[in-house]
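The values are calculated or read from the model by the stated rules, or taken from the named source; none is laboratory data. Predicted model, so just to flag it, every value in this text is computed and none were measured. Positions of Cβ are generated from backbone atoms using ideal geometry, with glycine treated the same way; all protein chains shown enter the neighbour counts.
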Amino acid sequence: MKTKLIIGGVILLLLIVLGIRSCKKEYLPQTFPKTLMVKNYTNDQKADTIVMIILNKIMGYDTMTVNIYKLTDMFDTGEIILNAHTVANPFEKHNYMIFMKNDLSPEEVKSTLSHEIIHIRQMEDSKLSIFDKGYVWNKDSFNYKNVTYDSRPYEIEAFAGMLSIKAKLDKLYEKNVFVNPFK
């Protein structure tokens with residue numbers, strides 16, 4: 001009887017130890033190229049990590065500079081309430097600024113940054129150039145006054161693609177490739 005109790009105790013202890021080990025998530029160490037630089041000047045401490053993952057691990061970029069700033073009223077056109085706005089640095093290639101609202105939920109941050117990075121891809125591919133009064137899309141010039149926000153082809157493309165990028169980002173977190181910054 002005493003032997004059965006000891007064996008039962010050892011088995012129980014083994015099950016507990018194995019159960020605890022299987023509950024621990026192990027994340028794969030990830031590195032990013034030194035030529036991919038993202039700096040975050042917002043209150044959202046996760047924004048730079050998300051941008052790095054999307055740019056490098058999802059979209060395959062290895063050379064770029066992105067600075068993330070708080071969105072100010074400077075971009076308020078009165079036409080639509082923006083969560084973010086992205087502009088290219090006109091003096092340096094592969095250099096962008098994302099201006100993002102500070103009070104977004106975690107899901108809004110992922111969706112918004114996915115959307116904005118599509119704009120970066122559009123600019124990198126020379127499909128999109130943005131100016132004060134208008135934009136160039138696929139070598140055609142447009143005035144903002146003549147095309148509503150929802151009808152702008154670069155916005156249509158960004159809204160259509162952002163969910164796919166966000167899904168890939170979420171899948172990386174599910175596979176434990178990265179520590180989920182929202183947990």
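Points to keep in mind about this one:
- Total residues in segment 30-45, condition in a strand (DSSP E or B), touching a helix residue (DSSP H, G or I) at 6+ places or on another chain (Cβ under 6 Å) and surrounded by fewer than 18 Cβ atoms within 10 Å (Cβ to Cβ): 1
- Residue in segment 126-149 that is among the polar types (S, T, N, Q) and closer than 20 Å to Met64 by Cβ present: yes
- Selection status of Asp48, in a loop (DSSP other than H, G, I, E, B), modelled with pLDDT of 90 or more and of a type in the set (D, E, K, R): no
Conditions (1) hydrophobic (A, V, I, L, M, F, W, C); (2) surrounded by fewer than 12 Cβ atoms within 10 Å (Cβ to Cβ); (3) at pLDDT 95 or above, marked per residue:
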| position | (1), (2), (3) |
| --- | --- |
| Ile117 | yes, no, yes |
| Lys171 | no, yes, no |
| Asn176 | no, no, no |
| Lys183 | no, yes, no |
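- Residue tally, condition out of contact with any Lys or Arg (no Cβ under 9 Å at 6 or more places or on another chain) and surrounded by 18 or more Cβ atoms within 10 Å (Cβ to Cβ), over segment 85-103: 5
- Flag for Asn67 being over 19 Å from Ala167 (Cα atoms), at pLDDT 95 or above and in contact with a Lys or Arg (Cβ under 6 Å, 6 or more places away or on another chain): yes
- Test: Ile130 is among the hydrophobic types (A, V, I, L, M, F, W, C), in contact (Cβ under 8 Å) with a residue 40 or more places away in the chain and surrounded by fewer than 21 Cβ atoms within 10 Å (Cβ to Cβ): yes
- In segment 36-76, residue nearest to the chain's Cα centre (by Cα) [restricted to those that are within 24 Å of Asp125 (Cβ to Cβ) and polar (S, T, N, Q)]: Asn56
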